[in-house]
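Enquirer: Starting off with a structure, shown below.
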Amino acid sequence: MKRMQKVSKWGILLSIAAAIFLASGMLPVEAAKAQKSIILATTTSTQDSGLLDVLIPVFEKKTGYFVKTIAVGSGQAMAMGKKGEADVLLVHSPAAEKKFMEKGNGINRRIVMHNDFIIVGPPNDSAGIKGLRSASEAFQKMASTGSLFLSRGDNSGTHAKEKGVWKQTGIHPEGQKWYQQTGLGMGQTLNVAAEKKGYTLADRGTYLALKKNLGLDILVEGDPILLNIYHVIQVNPAKWPKVNAAGAKAFADFMVSKKVQKIIKTFGVDKFGSPLFFPDAGKKEEKLGM
């Protein structure tokens, strides 16, 4: 009789569990798998540079999580975060990130690394910008000479930086024949610029990773406005309960860990002679230099 009562209790518990899983639309195995998966919305530069190809396998092996990476512009990544369609973000558009945080969409925004933006173009440099130290002066010369400029035009961190430089010049390039928007990621935009022998603004990491097949030169670099800072942000689980908060925290903690910061410090050195990114965990933005 006691044995039958125990079996009955287990049956009730299993029925309750089954009801929960059926209500969620998942089988127990699927639910467990979902808990061990995280969605990372990130910029195309972290993907195109090859950095994530190195870091994500390390993270997955260490934690047992599976990372689904969606590489889009920073603006699109944050739009996903606003809808609860991602668990964690790795982005590089500080002004937009601050607004994202102010609206309660994210928690624990932490600095990860930086590199810089550069202006690249064809070796013959018809605009005559090579060697200029001012990005806004270079943009002015490209505009005045009608030199083809390829903009990502995708609300990415790179696009935001580009618009900031145009704002400095007082020039509104939209609608001009020499100004074309690709609507593509960084790697693809660099390829379009190479094909059309035009100019573009790029992050150094992606440019160096693809440089061999581009035929584009670095023409302008070193202007403080071209600093490019990356942060990791956990999507706010209080706003979006279905977010994998534990997985997001695990990934964010991983990105600022000593082990990963060491990997970032040396990533690209063997192939390009210099790192593609510089580790910054624990630093303050205002103290970062070029």
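Values quoted throughout were computed directly from the atomic coordinates according to the rules given, and no laboratory measurement underlies them. Treat the numbers as computed from the prediction; the structure is a model and nothing was measured. Ideal geometry is used to build each Cβ from the backbone, glycine not excepted, and the neighbour counts take in all protein chains shown.
Enquirer: As I understand it, the value is the acute angle between the Cα axis of helix 2-24 and the longest principal axis of the Cα atoms of the chain; what does it come to in degrees, rounded to 10?
Expert: Roughly 30 degrees between the two axes.
Enquirer: How far, in degrees from 0 to 90, does helix 245-255 lean away from the longest principal axis of the Cα atoms of the chain, to the nearest 10?
Expert: Around 40 degrees separate the two axes.
Enquirer: Projected onto the charge dipole of segment 93-171 (+1 at Lys/Arg Cβ, -1 at Asp/Glu Cβ, origin at the Cα centre), which of 149, 127, 101 gives the Cα projection farthest towards the positive end?
Expert: Value computed over the given set: 101.
Enquirer: Based on the alpha carbons, how large is the Rg to Rh ratio for the chain when Rh follows Kirkwood?
Expert: Details: Rg = 22.9 Å, Rh = 20.7 Å.
Value, to two decimals: 1.11.
Enquirer: Give me the one-decimal nm value for the distance between modelled label points at residue 37 and residue 176, 7 Å along each residue's Cα-to-Cβ direction.
Expert: Result: 4.6 nm between the two label points.
Enquirer: Shape call for segment 116-226 from the C-alpha gyration tensor, a ≥ b ≥ c root eigenvalues: rounded (a/c under 1.5), prolate (a/b greater than b/c) or oblate?
Expert: Working: a/c = 1.22, a/b = 1.16, b/c = 1.05.
Verdict is rounded for segment 116-226.
Enquirer: At most 16 other Cβ atoms within 10 Å and a DSSP loop assignment: could you name the GluC sites (Glu not before Pro) in segment 67-165 that fit?
Expert: Numbers: sites: 85, 97, 102, 137, 162; in loops: 85.
Within segment 67-165, the qualifying GluC sites (Glu not before Pro) (loop, at most 16 other Cβ atoms within 10 Å) are 85.
Enquirer: Something else about it: Step through the residues of segment 234-240 one at a time and calculate ³J(HN,Hα) from phi using the Karplus curve (6.51 cos²θ - 1.76 cosθ + 1.60, θ = phi - 60°), rounding each to whole Hz and writing x for Gly and Pro.
Expert: Per-residue couplings from phi come out as 8, 5, 5, x, 5, 8, 10 Hz.
Enquirer: Ok, one more. Fewest first, what order do 58, 72, 232 take by the number of other Cβ atoms within 10 Å? Mind dumping the intermediate values first?
Expert: Values: 58 13, 72 21, 232 25.
Going from sparsest to densest Cβ surroundings: 58, 72, 232.
Enquirer: Okay, helix-only estimate at 222 nm for the chain: each DSSP H run of n ≥ 4 adds -39500 (n - 2.57), divide by all residues, round to 500 deg cm²/dmol; what do you get?
Expert: Numbers: 13 runs with 132 residues, N = 290.
Per the formula, -13500 deg cm²/dmol.
Enquirer: Right, here's the next one. About the Cα centre of segment 230-290, how large is the charge dipole given +1 on each Lys and Arg Cβ and -1 on each Asp and Glu Cβ? Please answer in debye to the nearest 20. Please report the intermediate quantities before stating the final value.
Expert: Details: 11 positive and 5 negative charges, 33 e Å.
Its charge dipole is roughly 160 debye.
Enquirer: Along Cα→Cβ, 7 Å out, is where each label goes; now give me the distance between the ones at residue 259 and residue 66 in nm to one decimal.
Expert: Each label point lies 7 Å from its Cα, and together they span 2.1 nm.
Enquirer: Residue 188 label point, 7 Å along Cα→Cβ, cut-off 16 Å on backbone N: hits in segment 138-172?
Expert: Of the residues in segment 138-172, 150-159 have backbone N under 16 Å from the label point off residue 188.
Enquirer: Would you list which lysines come within 18 Å of residue 196, measuring only between C-alpha atoms, while excluding same-chain residues fewer than 8 positions from it?
Expert: Partners found: 177, 211, 212.
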